[in-house]
1. Quick check on residue 11: is it in a loop (DSSP other than H, G, I, E, B) and among the small types (Gly, Ala, Ser)?
2. Based on this model, can you work out whether residue 79 counts as part of a loop (DSSP other than H, G, I, E, B) and surrounded by 10 or more Cβ atoms within 10 Å (Cβ to Cβ)?
3. Please go through segment 4-26 and pick out each residue that is among the hydroxyl-bearing types (Ser, Thr, Tyr) and exposed (fewer than 10 other Cβ atoms within 10 Å of the Cβ).
4. Is it true that residue 19 is at pLDDT 95 or above and either more than 18 Å from the chain's Cα centre (by Cα) or among the acidic types (Asp, Glu) (or both)?
5. Taking into account only those residues within segment 27-45 that are within 13 Å of the ligand (Cβ to nearest atom) and touching a residue at least 12 places away in the same chain (Cβ under 8 Å), which is surrounded by the fewest Cβ atoms within 10 Å (Cβ to Cβ)?
Amino acid sequence: MSSSGIQRPKADPEAARRSIARLMDIYRDMSQVADKVATRRCPYKDARSRCTAKFECKNQHFIAGKPEEPAVCAGSDKLDYRLAWEQE
Ligand code: SF4
């Protein structure tokens, strides 16, 4: 019991080390998946598959009658998106 009268559980350094190691494994796995997806998914595609690019791209599909709406990205995350970008 501490001097304040509150009982604290005993620290288990080995259990803490195992928990941290497990967390690091989980974060490493997440990072590897994110790195892999980042090589296929265009960085201009938002969560709703709308295009946020300020340049022309062959994958942009504008909705008829809604010119103010951002283009829908018609690209596949399985193909290299950079080939669709219009370059000068
Ligand atoms: S692939 Fe083209 S249309 Fe799709 S988000 Fe990227 S820039 Fe926009």
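1. Details: in a loop (DSSP other than H, G, I, E, B): yes; among the small types (Gly, Ala, Ser): yes.
Against the criterion (in a loop (DSSP other than H, G, I, E, B) and among the small types (Gly, Ala, Ser)), residue 11 qualifies.
2. Numbers: part of a loop (DSSP other than H, G, I, E, B): yes; surrounded by 10 or more Cβ atoms within 10 Å (Cβ to Cβ): yes.
It is true that residue 79 is part of a loop (DSSP other than H, G, I, E, B) and surrounded by 10 or more Cβ atoms within 10 Å (Cβ to Cβ).
3. 4
4. On the way: at pLDDT 95 or above: yes; either more than 18 Å from the chain's Cα centre (by Cα) or among the acidic types (Asp, Glu) (or both): yes.
So residue 19 passes the test.
5. Looking at the filtered set, the residue picked out is 40.
The values are calculated or read from the model by the stated rules, or taken from the named source; none is laboratory data. Note that the structure is predicted; figures quoted are calculated from it, not measured. Cβ sites come from the backbone with ideal geometry, for glycine too, and all protein chains shown count toward neighbours.
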